[in-house]
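Rule-based calculations on the coordinates, nothing more; no lab input. The shown structure was predicted, so the numbers you read here are calculated from the model rather than taken from an experiment. Cβ: placed from backbone, ideal geometry, glycine included. Neighbour counts: every protein chain shown.
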Amino acid sequence: MKLGILLLENHRLLSIAAMLDVFETVNSFYEEEGKPHPFTIELICWEANNSDYAGYVPKPAHNEERYDLIFIPAFKNMLISESIELNKPWIPWLQQQYKKGAAIASYCTGAFLLAATGLLNDKPATTHINAWASFARLFPKVQVQERAVVTEQDRIYTSGGSTNSFHLMMLLLEIYCSREIAVRTAKVFSVDMDRNCQLYFGSFVPVHNHGDELVKQAQDEIKKNFSTAATIEEIITEVPASRRNLARRFKQVTGITPIEYLQKTRIEAAKQLLETSKHSIMEVMLESGYNDLKTFRSLFKRNVGMTPKMYREKFSGQVV
């Protein structure tokens, strides 16, 4: 298979390194058994570049070339609009490669460039857990699945943040090589193949410099009173706007309703307490603004993908 890895403007080096490491390792498995390499790996740049890149000389993109599998790496920061603009020349090239039969896979925020081609319209997609809301706003025709580690439909693949890309590669190895090769590779790279949710990696980091002072006032009130007020109405009573007008403007600016914002603020506070304190689950519940344990556990699991107890066990212990 002819495998092409795009060297985008503003790409994340870790993405490229992971791709090369995994597929070079798989080639070595076949070499050990005296078999030909299953993958011919090429780094593709938009303009000619003779510099050595991890032992490869990048090839300029040509329309006459045909690839079997193309990887789009993640961007190295969250300046997504600027990154898409810098890489616009790739869009028609990717569209053409797909028409020729190539499968296309994106890592993490690379899904933004893939979605800009239109190839993700009416298809499932995932991206970094902290970027999915922006992704959904920019590309409303895409079926965003923020929980998903990997998505696949019609030769189009996406993966969630960072290490989730290894799960994407294991899936592709199972499809294009064998289950045996995928498992062997997973063992080499210490990949737990049973991961099926990425919600617990997310953090709620709301934007405040959006320019809407009314919404910012509501955000400040929620941050100050989330643990003591019983309802959202109690919290926003000092905000000089009707409930309907505020709700409309709030969702327009933040992407979620004030009630959803309050819930995410409380869940994030609970996560912090579970990570850093020795409080009981009941104490965590009360300090984060809830008063019913069953409701708290249900909301926590829905938002985080696991129970409060499981979350504490995963993130509060020592690595060694």
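Rg ratio for the stretch 213-315: its Cα radius of gyration over 2.2 N^0.38 Å, N being its residue count, equals 1.12.
Between S178 and H62, full extension at 0.36 nm per residue minus the direct alpha carbon distance yields a gain of 38.7 nm. In order along the stretch 91-106, phi translates into HN-Hα couplings of 4, x, 5, 5, 4, 5, 4, 5, 4, 7, x, 6, 8, 10, 10, 10 Hz, rounded to whole numbers, per the Karplus curve 6.51 cos²θ - 1.76 cosθ + 1.60 with θ = phi - 60° and x for Gly and Pro.
Start at zero, step by 5 Å, and the Cα-Cα distances of the stretch 213-258 spread as 5, 25, 37, 24, 9, 0 percent across the bins. Each part reduced to its alpha carbon centroid, the stretch 71-89 and the stretch 31-45 end up 28 Å apart.
For a test of the definition: using alpha carbon positions, the gyration tensor, and the 1.5 limit on a/c, classify the stretch 1-147 as rounded, prolate or oblate. It is prolate, given that a/c is not under 1.5 and a/b is the larger ratio. For K309 and N209, the difference between the fully extended length at 0.36 nm per residue and the C-alpha to C-alpha distance is 32.5 nm. Per residue, the Cα convex hull of the stretch 267-320 amounts to 66 Å³. Annotation: the residues T265, T151, T127, sorted from fewest to most other C-beta atoms within 10 Å of their own C-beta, follow the order T265, T151, T127.
Between A54 and L86, the simple spin-label model (points 7 angstrom out along Cα→Cβ) gives 1.8 nm.
The fewest-to-most ranking of D68, D220 by surrounding Cβ atoms within 10 Å reads D220, D68.
Simple point charges give the picture: +1 on the Cβ of Lys and Arg, -1 on the Cβ of Asp and Glu, and for the stretch 213-315 a dipole about the Cα centre of about 460 debye.
Here the Kirkwood formula puts the hydrodynamic radius of the stretch 145-281 at 18.2 Å, using every distinct Cα pair.
Please give the net charge around P308, taking every other residue with its beta carbon less than 15 angstrom from that of P308, where Lys and Arg add +1 and Asp and Glu add -1. Summing Lys/Arg as +1 and Asp/Glu as -1 gives +4.
In this simple spin-label model, placing a label point 7 Å from the Cα along the Cα-to-Cβ direction at both S28 and K99 gives a separation of 4.0 nm. The alpha carbon radius of gyration of the chain, expressed as a multiple of 2.2 N^0.38 Å, is 1.14.
As a size descriptor, the averaged projected area of the C-alpha convex hull of the stretch 140-198 was calculated at 4.3 nm².
Taking the fewest neighbouring Cβ atoms within 10 Å as the starting point, the ordered list for Y107, Y261 is Y261, Y107.
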